[in-house]
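Written out below as structure tokens is the structure these notes cover.
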Amino acid sequence: MRIKNDRPPWKRFFTIQTVSSLALLVVAIAAVRWIVATQRAPGSMTITEAQGMDMTTSKPPPGVQPVAAEPAVRRSLAGKTWYPATLQSYADEEVVARIPGRLVRLTVYPGDRVKPGQLLAVLDAPEYVAQAGEAAKMARSKLAMATAAEREQQAASAMYRRALSEQSAAQSSIARANNESAAMAAERDQMLAEAKMADSELDEARAAAKYQEANLLRQRKLQVSGAISLDELQVAQKERDMAVAKVAAAQAKGESARRRADVAERKRSAARSEVLTAQAMYKAAQADAEVAKAGQLKAKAEAEARKQEYQAGASGASGFGAMAGFRNLRALSTGVVSERLVAPGTSVMAGQVVLRLKVMDRMRVQADLPQSKATSVSLGQQVDVKVGNRLSHATVSAIFPTVNEATRTFRIEAILENGSGLYKAGSFATVALVAPSASTTLVVRTSAVQADLEGGAFVWVLQETTGSGQPTDWTCTMHPEISKPGPGTCPICKMDLVPRSRMGNVVAVMQTVKLGKSDGKHTEVVQGLREGQQVIWAGFEGLQPNTPVKSVEWGANGARDLPNPEGDMPDMDDSRAGPSDHAQDSGTKRRAESGDSAEVWTCPMHPEILRSGPGECPICHMDLERKAEKK
């Protein structure tokens, strides 16, 4: 039999087990709420708070942004307009077979660089080789005959010179004999004159001797008679003896003169004979000289004829040798093989093209310019040539004289050095005329010019502020709606408050400008900028008007130093991000961007915080996480 339960339902529900369970649950909830409210880390949120939080408003406070700036200056600026151009090879060369034959070897392929005189191909032409050999032998034979004839000419010339020498010697002998004959005749005449004078003296001496002889006889008689003394007789005798001696001397002198006259006559006769002999020798030498001269002329004519024959033979041999040399095809200039038209083993005809070369050490740059530029371009003018990202310089070498009626353009040509072989024929290029201007204009770096949404241009300039630069508004990075006049903690998440803006003494200001011409590196500012204003040319990414900035040294990888303006985040303890944190973050960031192997740790709420190891975020005190590697 079933017993009926008379207890009410609510009493049946509130049992001891149920009440104890509810009490335990209430205690657990209270404990959790107390822990969440008092013991959780600053910045940590519940699931409900995290889902209801607007993360787009959670931004780190703006700081002083590093930028690169320089003053706007006046300088000369040559504007450039780039025109399309084409690179052409400086010259095209065709390697042509000049004799028929079979191509047995090719030594180059398309793309190979060749030098002047380099062997490119070889033809097999035995008949030309045989003809060249036969012609060379005939030329050598003609040379031997010409050499023999030349030697005969030299011998005939020697004989003629010897005959002339003998003729000259005979002529000298005739002159010498004539001179000797004349001298002997003169000597003979002189001796005859002396003999005649001696005869006269002899007559006088004889007469004087006869007188003295008679006087001596008279004196002797007078001495005998005593009329004169003996001394006077002796004097008379002495005078007679002297007269006799004079007679003998005159006789001897006459005889001597006549003998010498005879000797001179004989010598004159001998000299006359020598003259006749020398005249005969002269006539014989003259005849020999005429014969030798005729032989010389004959030998000379023979040698000249042989020489002409040799030259003709040598010319023929040279021609046949050149024809045989045409078997080897060589390059005429430095170039690059562009095409190979005949394969080895193929028979070729004279005039057939075997290879094509392009001279590439220099290039022709041809550009079409509008007709309006016809008066502003001249020969020798400098042009800039851009092929891809490579910029080179050249000078105008030719201006074509006609204008294309369809495009109203004319063509110019410049020579571009290509010794390194970087440029290829047929490549697209751009050309700009360089026309330096003497006037100066206000210019800024082209990298500083920015475009606005309306198609205009503006630049960022530095402007000093009038405030003290000290932060006056403090907020929470997790709850930007919190605003306090000084440092403290967030009433919501208990995080430390930070300055809403870290102000410096210089801010960036957007300034609209009107631009002029540009040379690529610098751009003219016609309106909107004053000379000397500091214009930001790098580091302006993410800039907003009145953003605190500081001009720092700028390198190829960005700012070399981070700014640390006075008054930046004052009175903050070591747990907040200070200048050292910025320096550490910048160093870690540079290592992260450069791809170093060191680990990088960051805060999920503040990605600008970068560390080289684990730790806490200096802003929200959350644990740092390892940054994922870029793929």
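The values are calculated or read from the model by the stated rules, or taken from the named source; none is laboratory data. All values derive from a computational prediction rather than experimental measurement. So basically every Cβ, Gly included, is an ideal-geometry build from the backbone, and we count neighbours across all protein chains shown. To get the accessible areas, we keep the full protein, side chains included, count just its heavy atoms, and leave off ligands, DNA and RNA. Shrake-Rupley method; radii C 1.70, N 1.55, O 1.52, S 1.80 Å.
Structure values in brief
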quantity	calculated
Residues satisfying the stated conditions in the range 392-448, i.e. under 30 Å from L543 (Cα atoms) and either surrounded by fewer than 19 Cβ atoms within 10 Å (Cβ to Cβ) or of a type outside the set (V, I, T) (or both)	T441, L442, R445, T446, S447, A448
Among the candidates R306, R268, R240, R330, residue that is open to solvent by less than 70 Å² (accessible area, probe 1.4 Å) and in contact with a Leu (Cβ under 8 Å, 6 or more places away or on another chain)	R240
Breaking point among (1) open to solvent by 40 Å² or more (accessible area, probe 1.4 Å); (2) within 17 Å of V108 (Cβ to Cβ), for M349	(2)
Candidate set from the range 74-91 (those that are open to solvent by 20 Å² or more (accessible area, probe 1.4 Å) and of a type in the set (S, T, N, Q)); member that is nearest to the chain's Cα centre (by Cα)	Q88
Number of positions in the range 92-127 that are on the phi < 0 side of the Ramachandran plot and open to solvent by 40 Å² or more (accessible area, probe 1.4 Å)	20
E187 open to solvent by less than 90 Å² (accessible area, probe 1.4 Å) and not hydroxyl-bearing (S, T, Y)	yes
Residues satisfying the stated conditions in the range 243-265, i.e. touching a helix residue (DSSP H, G or I) at 6+ places or on another chain (Cβ under 6 Å), open to solvent by 80 Å² or more (accessible area, probe 1.4 Å) and either within 30 Å of K221 (Cα to Cα) or among the acidic types (D, E) (or both)	K246
Count of residues meeting criterion [over 24 Å from E180 (Cα atoms) and of a type in the set (D, E, K, R)] in the range 245-264	3
Qualifying residue in the range 220-235 (condition: more than 30 Å from Q286 (Cα to Cα) and open to solvent by less than 50 Å² (accessible area, probe 1.4 Å))	yes
Residue, nearest to H479 (Cα to Cα), within the range 583-619, restricted to residues that are among the hydrophobic types (A, V, I, L, M, F, W, C) and at pLDDT below 70	A583
Residue that is most open to solvent (accessible area, probe 1.4 Å) [pool: residues in the range 513-532 that are out of contact with any Lys or Arg (no Cβ under 6 Å at 6 or more places or on another chain) and among the aliphatic types (A, V, I, L, M)]	L515
Given (1) open to solvent by 60 Å² or more (accessible area, probe 1.4 Å); (2) among the β-branched types (V, I, T); (3) modelled with pLDDT of 90 or more, number of the condition T375 does not satisfy	(3)
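Conditions tested, residue by residue: (1) open to solvent by less than 30 Å² (accessible area, probe 1.4 Å); (2) of a type in the set (F, W, Y); (3) at pLDDT below 50; (4) farther than 27 Å from S612 by Cα.
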position: I536; (1), (2), (3), (4): yes, no, no, yes
position: G539; (1), (2), (3), (4): yes, no, no, no
position: S551; (1), (2), (3), (4): no, no, no, yes
position: A559; (1), (2), (3), (4): yes, no, no, no
position: D581; (1), (2), (3), (4): yes, no, yes, no
